[in-house]
Each structure stands twice: as C-alpha cells, then as structure tokens.
Amino acid sequence: MDTDKLIAECSTYFIKVKQSKPSVSVIIPAFNTENYIEECLVSLVKQTYKDFEVIITDDGSTDKTCDIARKICSLDSRFSVISQTNNGPSSARNAGIKNAKGQYITFLDSDDWVSENYIQKLYDAITINNCDIAVSEMVRKRKNSQKYHLKYSEEKTYESLQEKINACKIPKLCYVCGKLFKKELVQERLFKTGVYFEDVLWLPEVIKESTKLVTVPNAVYYYRTNNNSTVKQLQSIQKQHDSYKAKCYIIHFFEENNLILDEKYKHIKKYINYVFGFPVIKIKEYNGYETTLLFNLIPVQKKKISEYYKIKKNKKAFLIKKMDSHLYINFLGIHLGFKYKQNFEYNKAENIGISTETRTPKLIVSLASYPGRINTVYKTLNTLLCQTIKPDKLILWLADSQFLNKEEDLPPELLELKKYGLEIRWCEDLKSYKKLVPALREYPEDIIVTADDDLYYQKDWLESLYNAYKNDPKNIYTRRACRIEKCGNIFKNSPHYSNMHYEPDFSNQLMGGAGTIYPPHSLHEDVFNTDLIKELVPTYDDIYFWAMAVLKGTKIGLVKNKDLSIYNVEGTQDGALCKINGKNGTMSDKEAFNRIFERYPEIIGRI
C-alpha cells in the first residue's frame, strides 16, 4: 500500500474525532484480500454521509490484509479492527454485529466496494420511509466488464413477503451485502457458523421478519467476481453438502410461505464425484426423486427419496448410521435397518440425584405414567437423575384413580428412587396431559421441562434444554418438532429434524416427549381448562400445548444438540399414543388440528 498516495488522495475525507454513537455500522469480514481491501475501505472513507463506523473483522489473514486495515484505522477514527483466528465469514460478521453501535447495520465484503453516495442514499430511504431494510443496486464487476444484477427505476416500498422477495431477486441474488438493516431486526439473529452459503440461510428469514422494505436507485454495491475464488473451484464434500442444504432450505422456505418459486430452482445438484477434475457421477434431485447421471448426461438410476436419504449427510458406498434405536447400513446401494440396544447404565454411585444449588426460577423436570408402564418407568427416571445438569425437582405425576392404594401399588425399583430426590405426586387422570398441567398449576413462576415415561435420556439432555432457555428465556425450546405446513386449505405436520428451522417459529410444533422446556407464563390460560381439553383433543397433548403457545405469542425453537435420536425403553411401545391415535375410531392428528383451528381461528394467521 502506498500510504503517501492514500493520504494525499483522501486527506480531506479523514475524520480524527471519535464518534460516540454513529447512526450506521458497516461490518466487513476480511480474509486474505490484500489486493482489494484498500479499494473497499477508500470507498467508505469518501462517503458523502459521515455519521458511520466501520468494523473490520480480520478472520486470521496470513497476508497484509490486517496491516492495510490498521493503517486506515490510524488515519480515520471511524474505522476499527477486530482480530480473530480463522473461523469463517459467519463468525466474523457475528463479531461485528455484537460490537456494532449504530442504529442501522450494513455488510460489505472486503473485496467489494460501494458508490460514494451509498450510505447516504440507503440511510435517507430507510429513515424517510420508516422501513426495516433498504436495498441498493448491485453491479457484478469482472476484470474487463461489468453488469447490473439489480437495477431500480424508482424508490419504492414493499410490505408483502412475495413483493419483498421479488424486489431482492431471491433466490438468484441471496446476498446479505447491498442492504441496510435496522439493528433491532438483526442483532439477535446471528449467522450460522461452520457452513458455506450462510447468507442463504440468514437473509430470507430476516426479510420475512421485516415489516417494510425499500428499493433505492443510484446507490450501487460493486460485487467483484474472481475466477480464481474457491466458489469457482471444485467443491469439497462439505461445500457440496452445504450447497444442497441451502437449496433445500430455499425450496422449503418458499413452500411454507406460499411463495412462487421458478421451477429451475427446484432442480438441485446434490453431489458430484470428480476424477482428475472431470465430473463422472452427478446426482440431482427434483420433485421427490433422485437421479444419478453418468458423465452428467446418461441417467443410470432414479429413485424416490425417503426420509432416511433426506437426513443422510454423506454419500458413501459404505455408511453406518445410528438413529432412534436403529442401526442403518448402506452398502453399495443396499440399505438395511436393525434395532439395537443402547447402553444407559450410567454411574449412579457418583452421579445420581437432584440439584443441591438454589435456582430462581426453579428448574423442574415433570413426567407422568400409568399402570401399563409403571414397572419400567424407573429406567427412564434413572437417566433423568444422572444428568450433567441436575433439576431442582424431578416429579412423577400419577392419577390417584389408577392406583387406589397409592404407593403400595408401586414397584420397589420406583420407590427406591425417592431417596435420590424423586417426588411422586398424585392428581386427576388427565392422560398424557398429566406431565405438564399439574406442574404448571403448582409452579407457575418456575421453568418446567417435560419428559416421557418410555424413553432413555442422554446425559446432556437437560443441559441442552437449559442452555437454550438461558440464551433465550422468552421462547419455548424443544429437542424435536414437527413442521406445520399449509397445502392449499389443508394443514399438515411433517417430521422436522433438519438444521434449517432452529430459530423460534410459530410453525414449529413441539414434540414434548423428546424434551421441551417451558419458561414461566409461556402458555395461554386455556391450558388449565381440563374440561375443554377432554372435549377438544384428549390424546394430542403436544398439539394442544403448541396451540396454547401460539395463542400466548410464544414461539418454539429447536435445541441445537448433537444427538437428536430417541431411545425407547424396551417393551413400552404397545400402548404408545402414536400407535393408537387415528386407529379403531380414535381421533387422527388431522382432525385434532381441525378442532384446534375451529376453536382458535386466530392461530391460522400466525403460522
């Protein structure tokens, strides 16, 4: 960098006095862009709008990127540098968000640059029109040419999700750059780290949360295309996997929000096997079918996609995967599944019991059982007493009408656990609702975690739920959920274990048995109306609890735990509700949803 030339060129633009609270924060993740970052930063130094800060996160650069950034910082007080080890652009952007002081935030990549009126135009548009997002024009810049990717003829506001998505040209241009966001909209929504295409997973949800968006002509973001970049090179297995997941997410996002998606974006490249840089095997996915192409031309196999293939992370000739008490083996296209027994014999001598700490609010684990499982529930309780984080209370609710002699009717293995802190409590027979409703009544100011009586629980089960609560104490978190989706005039719930909808959402229908944590006062008061429960959906507690959360305005998020599997206690599944509901004249989940929506039509408008 020619410092003297830079000082001479920009001397009239530099600001030496430190600003206490700038209006706009510009966040720049930077990694090994020594040939371009000076042009990027000079375009900011020359902005016609002056009331901004620039946060440069150097993501472990090994060239002169950080030196150049620090030189600019020494000349202009609005610029600062954060240094971190190489963790990727998501981590770098997150660091910028956490340190941003402005009311508005914009992102700029360190090899791009902006027009001199860029911040001024976006700031005027977003404030005058009282919008959450302002979108600039975008020019793709190559070595010897340039082309507008986004061009606007007028400053125009949009409020419907379809209009906002169209105005940003998503999914074709799903970039976080070239936009100014209200800080409140993004400060709690950090980028997913450790993945490629992180902006694809981030931007649509932010646009959905926004109330109004404005397009801004004559403010230009220049996007540099580098043919030697990693995006243009052969993709690693992880990058292929992340690209596939991002495209699946886009399809799902458009479907769940009833948005129009061009058919070409529904054809997904899933995997390419290269030999000496030449694509030999290519796997594509479209409309529920997977097609294998030889040399990208000759179709050699076409098969319907099962749930197993959807969750499978790697395409290998030989793969062993454990999931939900099953062992799946894939060998040269032959897929076999076996049940296996998981070892849950924890070291009780050292680790059994409840918490000796004093928490406010209390952390209470609550579950219920009945005569058909009373002889095996102690196995579940053993795993709940051996957690890495101990509950303040562990309560087993039993219906006194089912055990006329109370504790005299209970097995000794169960009663033995009382000395380790288990509480056995008696209540009316509310069927599966017993696991939550009595606890909510008795402990309205405390945190309730529900469990089922037919599962073994991993050691970190409660820890994962409690950590989610501590990070976000306003919303409900669950370890498993179904996704509520609308198909025409019909609502359906489909299994949802992917990493695409971890964020709290009304459309995440909790599955309480796998583990759900309820903050105090997170459910509507009708959760206590036991007469209504018995009349409306007597055997669908999870659907009813979800409805009570939506009515209260509480969203449901998914816990980001490593092991999503559930492990059934042997011999407990014959009487499981999932095997009974919808059979022999009992209510189906479709009917349960219809009853809920008929009783509470306002729920439909929130999902």
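Identify, by number, the condition in (1) in contact with a helix residue (DSSP H, G or I) (Cβ under 6 Å, 6 or more places away or on another chain); (2) within 30 Å of residue 534 (Cβ to Cβ) that residue 417 doesn't meet.
(2)
For region 182-219, name all the residues that are in a strand (DSSP E or B), open to solvent by less than 30 Å² (accessible area, probe 1.4 Å) and touching a helix residue (DSSP H, G or I) at 6+ places or on another chain (Cβ under 7 Å).
Within region 182-219, 213, 214, 215, 216, 219 meet the criteria.
Taking only pairs six or more apart or across chains, which ones have beta-carbon atoms under 6 Å, a first residue in region 150-171 that is in a loop (DSSP other than H, G, I, E, B), and a second residue that is surrounded by fewer than 18 Cβ atoms within 10 Å (Cβ to Cβ) and of a type in the set (Phe, Trp, Tyr)?
171/265
If I filter region 106-141 down to residues being of a type in the set (Lys, Arg) and in contact with a Lys or Arg (Cβ under 6 Å, 6 or more places away or on another chain), which single residue comes out as farthest from residue 176 (Cα to Cα)? Lay out the reasoning, then the answer.
Just the residues of region 106-141 that are of a type in the set (Lys, Arg), to begin with: 121, 140-141.
After this cut, where a residue has to be in contact with a Lys or Arg (Cβ under 6 Å, 6 or more places away or on another chain) as well, the list is 140-141.
Details: 140: 15, 141: 17 Å.
Only one residue tops the list, namely 141.
So, in region 275-296, how many residues would count as being modelled with pLDDT under 70 and closer than 25 Å to residue 251 by Cα?
The number of residues fulfilling the criteria is 2.
Only residues that are more than 19 Å from residue 524 (Cβ to Cβ), open to solvent by less than 10 Å² (accessible area, probe 1.4 Å) and assigned to a loop (DSSP other than H, G, I, E, B): list them for region 413-452, please.
451
Which one is modelled with the highest pLDDT, of the residues in region 297-311 that are farther than 17 Å from residue 238 by Cα and open to solvent by less than 40 Å² (accessible area, probe 1.4 Å)?
The residue in question is 305.
Of the numbered conditions (1) hydrophobic (A, V, I, L, M, F, W, C); (2) modelled with pLDDT of 95 or more; (3) within 18 Å of residue 528 (Cα to Cα), residue 396 satisfies every one except a single condition; which is it?
Unmet condition: (3).
Table: residues versus (1) among the hydrophobic types (A, V, I, L, M, F, W, C); (2) modelled with pLDDT under 95; (3) on the phi < 0 side of the Ramachandran plot.
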site: 406; (1), (2), (3): no, yes, no
site: 422; (1), (2), (3): yes, no, yes
site: 429; (1), (2), (3): no, yes, yes
site: 437; (1), (2), (3): yes, no, yes
site: 443; (1), (2), (3): no, no, yes
site: 454; (1), (2), (3): no, yes, yes
site: 457; (1), (2), (3): no, yes, yes
site: 464; (1), (2), (3): no, yes, yes
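Identify all residues within region 124-175 that are charged (D, E, K, R) and open to solvent by less than 40 Å² (accessible area, probe 1.4 Å); write none if there are none. Let's see the steps before the verdict.
Taking region 124-175 and keeping what is charged (D, E, K, R), we get 124, 132, 137, 140-143, 147, 151, 154-156, 159, 163-164, 169, 172.
Hits for region 124-175 are 132, 137, 164.
Here are some conditions: (1) polar (S, T, N, Q); (2) modelled with pLDDT under 95; (3) touching a Gly at 6+ places or on another chain (Cβ under 7 Å). Residue 87 meets all but one. Which one does it not meet?
Here residue 87 meets the rest and fails (3).
Can you tell me which residues in region 375-399 are outside any helix (DSSP H, G or I), open to solvent by 10 Å² or more (accessible area, probe 1.4 Å) and either farther than 17 Å from residue 441 by Cα or acidic (Asp, Glu) (or both)?
Listed by number, the residues that qualify are 375, 376, 388, 389, 390, 392.
Give me the pairs, please: first residue somewhere in region 89-107 and over 17 Å from residue 196 (Cα atoms), second residue anywhere and of a type in the set (Asp, Glu) and crowded, with 21+ Cβ neighbours inside 10 Å, beta-carbon distance under 7 Å, and either six or more positions apart or on two chains.
Pairs found: 101/53; 102/53.
For residue 272, indicate whether it is touching a strand residue (DSSP E or B) at 6+ places or on another chain (Cβ under 7 Å), open to solvent by 30 Å² or more (accessible area, probe 1.4 Å), at pLDDT 70 or above and more than 30 Å from residue 162 (Cβ to Cβ).
On the way: touching a strand residue (DSSP E or B) at 6+ places or on another chain (Cβ under 7 Å): yes; open to solvent by 30 Å² or more (accessible area, probe 1.4 Å): no; at pLDDT 70 or above: yes; more than 30 Å from residue 162 (Cβ to Cβ): yes.
When the stated conditions are applied, residue 272 does not pass them.
Filter region 62-113 for residues that are β-branched (Val, Ile, Thr) and either in contact with a Leu (Cβ under 8 Å, 6 or more places away or on another chain) or surrounded by fewer than 21 Cβ atoms within 10 Å (Cβ to Cβ) (or both) and give the result. Write out each step before concluding.
Step one: list which residues in region 62-113 are β-branched (Val, Ile, Thr), which gives 62, 65, 68, 72, 81-82, 85, 97, 105-106.
Scanning region 62-113 gives 62, 68, 72, 81, 82, 85, 97, 105, 106.
The values are calculated or read from the model by the stated rules, or taken from the named source; none is laboratory data. Remember, it's a predicted structure, so these values are computed and weren't measured experimentally. All Cβ positions, glycine included, derive from the backbone under ideal geometry; neighbour counts span all protein chains shown. Keep in mind that these areas ignore ligands, DNA and RNA; they rest on the heavy atoms of the full protein, side chains included. Shrake-Rupley method; radii C 1.70, N 1.55, O 1.52, S 1.80 Å.
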